[in-house]
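FYI, it's all coordinate maths here, none of it is from the lab. Remember, it's a predicted structure, so these values are computed and weren't measured experimentally. Counting neighbours? That spans all protein chains shown, and the Cβs are built from the backbone with ideal geometry, glycine included.
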Amino acid sequence: MLNFKMSYFDKSSVGVLITRAVTDMERIADIFSEGLFMIISDVLKMLVVGGVMCYMNWKLSLIVFCTLPIIVYATKVFQKYMKKAFDEVRTEVANLNSFVQERVTGNENLTAFYSRIYRIRELQIDK
């Protein structure tokens, strides 16, 4: 967000900016807290299982390993659709945050406006 042009901030509402900042920080926190550990753990598990499979029956292991490209492709396709769905959810949350922020700000403005009208009427009554 630091490298964005000022026009981006002019066009975006506060709710959108807050949602983007919060979700980006949550993603980074998830990667460092759980993601990195889980990736290393899963890679080690796969290597150990693959080694045991090759030790037990290398021919059957080759057949199983031949299906890996299909699984990797399916994972990439699934990842693409999940990213699209996540972006849609983030957009909706940003819109909701913008809506709430605008209503709260509008409510404060209305309260100040009606307070001013009340004070003006009070002054007119006192005269």
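If packing is taken as the average count of other Cβ atoms within 10 Å, what order do 23-34, 88-99 fall into, highest mean first? The partial results should precede the final answer.
On the way: 23-34: 11.3, 88-99: 14.4.
The peptides rank, most packed first, as 88-99, 23-34.
Based solely on its DSSP helices, what 222 nm [θ] is calculated for the chain when runs of n ≥ 4 H residues each add -39,500 (n - 2.57) and the sum is averaged over all residues, nearest 500 deg cm²/dmol?
Helices in the chain give a 222 nm mean residue ellipticity of -31000 deg cm²/dmol.
Quickly work out the I120-to-I40 label distance, labels modelled 7 Å from Cα along the C-beta direction, and quote it in nm with one decimal.
If labels sit at I40 and I120, their model points lie 6.7 nm apart.
I need to check one value: relative contact order of region 6-126, counting alpha carbon pairs closer than 8 Å and at least 6 residues apart, in percent.
Relative contact order for region 6-126 comes out at 57 percent.
Computed over the Cα atoms of the chain, what is the ratio Rg over Rh, Rh following Kirkwood?
With Rg and the Kirkwood Rh in hand, the quotient comes to 1.36.
Once you order the gyration tensor axes a ≥ b ≥ c over the Cα atoms, which shape class does region 12-73 get: rounded for a/c under 1.5, otherwise prolate or oblate by comparing a/b with b/c?
Note, shape of region 12-73 comes out oblate.
Between region 28-45 and region 49-91, what is the separation of their alpha carbon centroids in Å?
About 17 Å separates the Cα centre of region 28-45 from the one of region 49-91.
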